[in-house]
Amino acid sequence: MSLIKRSFAECFGTFWLVFGGCGSAVLAAGFPTLGIGFAGVALAFGLTVLTMAFTLGHISGCHLNPAITIGLVVGKRFPAKESSAYIVAQLIGAVAASGVLYLIASGKPGFVLGGFATNGYGANSPGGYSLVACFVAEVVLTAFFLLVIMGSTDPRAPKGFAPIAIGLCLTLIHLISIPVTNTSVNPARSTGPALFVGGAALSQLWLFWAAPILGGILGALVYRVFFAEEALPTTRPVSEAMATAGD
């Protein structure tokens, strides 16, 4: 399939991730008496990735995340020359989703923009965690996210279960780190809401690019060094692994 069509898939998939995940946080997490809370938001993010992995995995590989795309390039699972198109598409999807979410959220009387599901450290961390703590959390969690993605899409892994493993991994990541950074592990997810909030959300955005990308690179390197089997086609693209998921 052409790069243009695969990039469109990344755009639509990232839209769903940001709209579904951030939407659950903005619209449903704190709803009086029936709010879904942290666990509900964590599950929402996991479900967006799980559903899109089954829907778009065989088309684009369903990265939905610049840190994942870069990590997969380092892990020899994705061609570097196509990474820029994917990252631009992911950012467009994230910003578009944030715009639609803003239109919906602002339709409520007395609407106040507030945090709008943005990420932050220090005073902007939900739990007041320091810059160092937030940086370490984002690096470690993104690294393990890459490990799960590369392992579950490895030719040696059981076929058909990769989307489930990846979706549940993202759910677990959010259960751990919503109180720390409001959970990024995804520069596109962080950028969309931050553009609407501005201020500290934008000034702190650098961390939610640097830490996830570093984590993605580390995760990919760990998998290549310790777990890849040279006799097997370790350069098999994630999209190909997804395409055979139902075999």
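Note the angle between two axes, namely the Cα long axis of helix 131-152 and the longest principal axis of the Cα atoms of the chain, as a number of degrees from 0 to 90, rounded to the nearest 10.
Between the helix axis and the principal axis of the chain, the angle is about 40 degrees.
Ignoring ligands, DNA and RNA, what percent of the accessible area of the chain is carbon or sulfur (1.4 Å)?
73
Taking H placed 1.01 Å from N in the peptide plane, check which residues at least 5 places from Asn186 or on another chain put their amide H under 5 Å from its amide H.
none
If you average over every viewing direction, what projected area does the convex hull of the Cα atoms of the stretch 90-208 give, in nm²?
Over all viewing directions, the stretch 90-208 projects a mean Cα-hull area of 8.3 nm².
Using only the Cα atoms of the chain, construct the convex hull and provide its projected area averaged over every direction, in square nanometres to one decimal.
Over every viewing direction, the Cα hull of the chain projects on average to 12.8 nm².
As a check on your grasp of the helix formula, calculate [θ] at 222 nm for the chain: sum -39500 (n - 2.57) over DSSP H runs of n ≥ 4, divide by the residue count, round to the nearest 500.
Per the formula, -21500 deg cm²/dmol.
Using θ = phi - 60° and the Karplus form 6.51 cos²θ - 1.76 cosθ + 1.60, what ³J(HN,Hα) does each residue of the stretch 123-128 get, whole Hz, x for Gly and Pro?
Result, ordered by residue: 5, 9, 7, x, x, x Hz.
Using only Cα atoms, find the angle between the long axis of helix 187-197 and the longest principal axis of the chain, and express it within 0 to 90 degrees, rounded to the nearest 10.
20
Per residue, how much accessible area does the chain have with a 1.4 Å probe, in Å²?
Result: 43 Å² per residue.
For the stretch 2-13, in order, what is each residue's ³J(HN,Hα) by Karplus, 6.51 cos²θ - 1.76 cosθ + 1.60 with θ = phi - 60°, in whole Hz (x at glycine and Pro)?
Each residue's phi maps through the Karplus curve to give 5, 4, 4, 5, 5, 5, 4, 4, 5, 5, 5, x Hz.
The values are calculated or read from the model by the stated rules, or taken from the named source; none is laboratory data. These numbers were taken from a predicted model, which means no experiment stands behind them. Just so you know, the surface numbers come from the protein's heavy atoms only, side chains and all, with ligands and any DNA or RNA stripped out. Shrake-Rupley method; radii C 1.70, N 1.55, O 1.52, S 1.80 Å.
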